[in-house]
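The values are calculated or read from the model by the stated rules, or taken from the named source; none is laboratory data. The model shown is predicted, which means the values in this text are computed figures rather than measured ones. Counting neighbours? That spans all protein chains shown, and the Cβs are built from the backbone with ideal geometry, glycine included.
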Amino acid sequence: MARQDRLLQEDVHDPYFVKQKYRDPSVCEKCSVVFKNGAFEWVKPIPPSAAKMVCPACRRIADKFEGGIVTLEGGFLSQHKSDILNTITNAERAEQAMRPLERIISLTDRGAKIEIQTTYEHIARRIGDAIHKAYKGELTVQYPEGEKYARVFWKREGR
């Protein structure tokens, strides 16, 4: 007979998701995303009976605790920066429409390199895929084992 007193580990631990559900409906005091029917969504108008809370994305942003990082670099980036920044903005909007907690925490422009911190791994991947689809180049995506995190690297030289 097998032992029943083992400590079971979660596959992926995310300290920003609480174990208990939020009251239905609840609204984030910072970004106005609504928790309704077991999911976060953008709702207008906000239900007047909604309880107040701070959503996991706003908590991550306040703590500067990213769930993904995107690094873009190369000569092509310097030559087409405004177009690439527009692609990043469009990718963020598209991801937020499906997953309201997926957001850009920060975008740091270092000249020939841009670093983007994101709240979760999905938006990091979407940004990398959007840049790669539009401008080709080399795309690498890494998911460290046991972590809810993505590292996305994109590079293209010249033209």
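Here is how the numbers come out for the structure above:
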item	result
Index of the failed condition, F40 passing every other in (1) touching a Leu at 6+ places or on another chain (Cβ under 9 Å); (2) assigned to a loop (DSSP other than H, G, I, E, B)	(2)
Yes/no for L72 being modelled with pLDDT of 95 or more and touching a Gly at 6+ places or on another chain (Cβ under 9 Å)	yes
Residues of segment 69-98 that turn out to be of a type in the set (D, E, K, R) and more than 19 Å from R151 (Cα to Cα), as a count	3
Hits in segment 43-74 - residues which are part of a loop (DSSP other than H, G, I, E, B), closer than 30 Å to K136 by Cβ and within 20 Å of the chain's Cα centre (by Cα)	E66, G67
Matching residues, segment 75-126, being closer than 17 Å to Y143 by Cβ and surrounded by fewer than 14 Cβ atoms within 10 Å (Cβ to Cβ)	none
